[in-house]
Amino acid sequence: MEHKSLKIFLVILFLIVFPIIISAQNNDIQIGGGLNKNGLIQGGLYDFSDPSSLNIKVSVWGFVKYPGKYVIPVYSKVNDLLSYAGGPTEEARLEEMRIVRTDSSSSKQIIYSLNFNDFLMDPKFSADSSVQSLKAGDILLVSGSPRFYLRDYLSIILSVISLAISLIILYRQ
């Protein structure tokens, strides 16, 4: 009787602990497509998965229209991911893109510098799949410079004028 209750206890323990262990593992790879066919799941998570293929999760940050985390087919390239993200903004510097990749053997992050013009103009570079192909967990960083609007320039000019008036009033006293 004691062995039967021990077996029941172990089965119940397994049923409780196993889902916790599975959910704690890295979920950057999935087989098949997601449930949402619109692309956007929630917030900054976008699903462009292929139901008949292996899919990976990657991130895009910086000067793109829709930054966030993406579920994409494993065969996607950097230019595909940039397109999924809505393309670069006007302020983006495409010659200074970076891919941050974690090396699975040493757990160190490796940063690859990319020039998007190389993808477009150089056929040898587009054949190089080591940099252009994406891996699970990659982060694409699109650098850029912030855009100044009229209110920004106006704010700077008014600050300088205010400082000048304050100094004049202080000097006259």
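Values in this text are rule-based calculations from the coordinates and carry no lab data. Everything numeric in this text was worked out from a predicted model, so none of it was measured. Here Cβ is always computed from backbone atoms with ideal geometry, including for glycine, and neighbour counts include all displayed protein chains.
Numbers at a glance
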| quantity | calculated |
| --- | --- |
| Linear extension gain, Lys135 paired with Glu91, 0.36 nm per residue minus alpha-carbon span | 13.2 nm |
| Of Lys69/Lys135; Lys65/Lys135; Lys108/Lys135; Lys77/Lys108, those spanning more than 19 Å from alpha-carbon to alpha-carbon | Lys65/Lys135; Lys77/Lys108 |
| Residues with amide H under 5 Å from that of Thr89, placed H, sequence gap 5 or more | Val64, Lys65 |
| Amide H within-cut-off set for Gly144, under 5 Å, with H built and near neighbours excluded | Arg93 |
| Cut-off under 5 Å, modelled amide H: who pairs with Leu45 long-range | Lys69 |
| Sequence ranges 74-84, 161-171, ranked by mean other-Cβ count within 10 angstrom, highest first | 74-84, 161-171 |
| Inter-probe distance in nm under a simple model that places probes 7 Å from Cα toward Cβ, at Ser166 and Arg147 | 3.2 |
